[in-house]
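Novice: I am attaching a structure below and will ask some questions about it afterwards.
Computed from the coordinates by the stated procedures, all read-outs in this text should not be read as laboratory data. On a predicted model such as this, the values are computed, not experimentally measured, just so you know. Positions of Cβ are backbone-derived with ideal geometry, glycine not excepted, and every protein chain shown enters the neighbour counts.
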Ligand SMILES: C[S@@+](CC[C@H](N)C(=O)[O-])C[C@H]1O[C@@H](n2cnc3c(N)ncnc32)[C@H](O)[C@@H]1O
């Protein structure tokens, strides 16, 4: 009997130290075109591709009361399922998806062309931190808590009043959801959905941060600190 070919699998540390171009050599499961595992190698990616189940997508769009006047942006659109459902079932005006991973964006572009919906669905292979979010009336996301925190200032700055942000499984820290009772999220099986309305989600936060009383207190503390250290 032929002995099985010896395969040397490098450790995670060895992979980390390899030049980028060699990291995937001989490791078919880590090939660049495997969207499930290549995200760590895509600079600025804040989440791997994990699709939102369709029943959760439907609930997200329903909760955000998505309709024909809306422009939906899916930040990190993966296989485009949110874009297609927004257009086909909820009849939104336009759905735009950004994905930084070309192995997600390229096949999706082909799918859009084959569907004949190019006028209403668009995919852009780009880093969503570098695009203008102001045209969106609804933003959907399935990222990570740290990814959401990095996006928060951009969402606060660019989204217009009346926009909704729906996040699957991960909250946006320091924002308040639209739910008045606990828990702050909606549930579909084991999945959580966080719904935020702009600017209500953060206007209290900003008011507290900028209140006169708060500022006065900080000025006094700062004054004490400076006089002690001068
Ligand atoms: C968990 S998947 C969500 C896919 C889809 N939105 C859904 O819910 O089914 C996250 C996606 O975000 C993309 N992504 C991560 N960081 C990104 C960034 N900075 N800019 C654009 N896309 C990003 C990943 O490539 C991945 O496809």
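Novice: What does DSSP give for region 34-228 in terms of the percent of beta bridges that are antiparallel, rounded to the nearest 5?
Specialist: Details: 8 of 25 bridges.
Expressed as a percentage, antiparallel bridges in region 34-228 total about 30.
Novice: Please work out how much length the chain gains when fully extended from residue 181 to residue 134, using 0.36 nm per residue of separation minus the C-alpha to C-alpha distance, in nm with one decimal. Intermediate values should be presented prior to the final figure.
Specialist: On the way: separation 47, 0.36 × 47 = 16.92 nm, distance 2.98 nm.
In short, 13.9 nm is gained.
Novice: How much length, in nm to one decimal, is gained on full extension between residue 106 and residue 158, taken as 0.36 nm per residue of separation minus their Cα-Cα distance? Don't jump to the answer; show the numbers that get you there.
Specialist: Working: separation 52, 0.36 × 52 = 18.72 nm, distance 2.72 nm.
My answer for the length gained is 16.0 nm.
Novice: Sort 101-114, 182-195, 48-61 by the packing proxy (mean of other Cβ within 10 Å over each peptide's residues), most packed first.
Specialist: Values: 101-114: 16.7, 182-195: 15.0, 48-61: 18.2.
The most tightly packed comes first, giving 48-61, 101-114, 182-195.
Novice: Tell me, what is a quarter of the convex hull surface for the C-alpha atoms of region 34-228, in nm² with one decimal? Write out the running numbers ahead of the final one.
Specialist: Values: hull surface 54.3 nm².
Reported value for the Cα convex hull: 13.6 nm².
Novice: Here's another thing I want to ask about it. Roughly speaking, what is the stretch gain from residue 88 to residue 174, that is 0.36 nm per residue apart minus the C-alpha to C-alpha distance, in nm to one decimal?
Specialist: Working: separation 86, 0.36 × 86 = 30.96 nm, distance 3.36 nm.
Extending this stretch completely gives an extra 27.6 nm.
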